[in-house]
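Written out below as structure tokens is the structure these notes cover.
The values are calculated or read from the model by the stated rules, or taken from the named source; none is laboratory data. Nothing here was measured: the structure is a model prediction, and the numbers come from that model. Glycine gets a Cβ as well: all are built from the backbone with ideal geometry, and neighbour counts include every protein chain shown.
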């Protein structure tokens, strides 16, 4: 029997994709918003495609804020965009 592949919905484009192909953003129990590269950080998670356009769409629609159940300041989006550019190189 084939192993079940975990699927998650991108908060930017709304498409269901394999969990490992998405980037997880987490709100920790302390209220910190950060990129979760391991997928194991404790807290409320939301997923985005590995595409800056999905980050922009999530920001415009405020879907990331809804998914994480907290207001996300623009500085966090800017930081995510910068970290995204760094992470896409390797």
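Exactly one of these conditions fails for residue 43: (1) surrounded by 13 or more Cβ atoms within 10 Å (Cβ to Cβ); (2) under 17 Å from residue 17 (Cα atoms). Give me its number.
Unmet for residue 43, out of (1) surrounded by 13 or more Cβ atoms within 10 Å (Cβ to Cβ); (2) under 17 Å from residue 17 (Cα atoms): (2).
Taking residue 22 as meeting all but one of (1) touching a helix residue (DSSP H, G or I) at 6+ places or on another chain (Cβ under 7 Å); (2) surrounded by 14 or more Cβ atoms within 10 Å (Cβ to Cβ), write down the number of the exception.
Every condition holds for residue 22 apart from (1).
Grab the strands (runs of 3 or more DSSP E) fully contained in region 1-71, keeping just those with 2 or more residues being closer than 20 Å to residue 82 by Cα. It would help to see each step written out before you state the result.
Working: elements: 7-9, 16-18, 22-27, 33-36, 44-49.
Qualifying strands (runs of 3 or more DSSP E): 22-27, 33-36, 44-49.
Exactly one condition in (1) under 21 Å from residue 78 (Cβ atoms); (2) buried (at least 16 other Cβ atoms within 10 Å of the Cβ); (3) touching a residue at least 24 places away in the same chain (Cβ under 8 Å) is not met by residue 36; state its number.
(3)
What's the number of the condition residue 15 fails, among (1) more than 10 Å from the chain's Cα centre (by Cα); (2) surrounded by 17 or more Cβ atoms within 10 Å (Cβ to Cβ); (3) at pLDDT 85 or above?
Exception for residue 15: condition (2).
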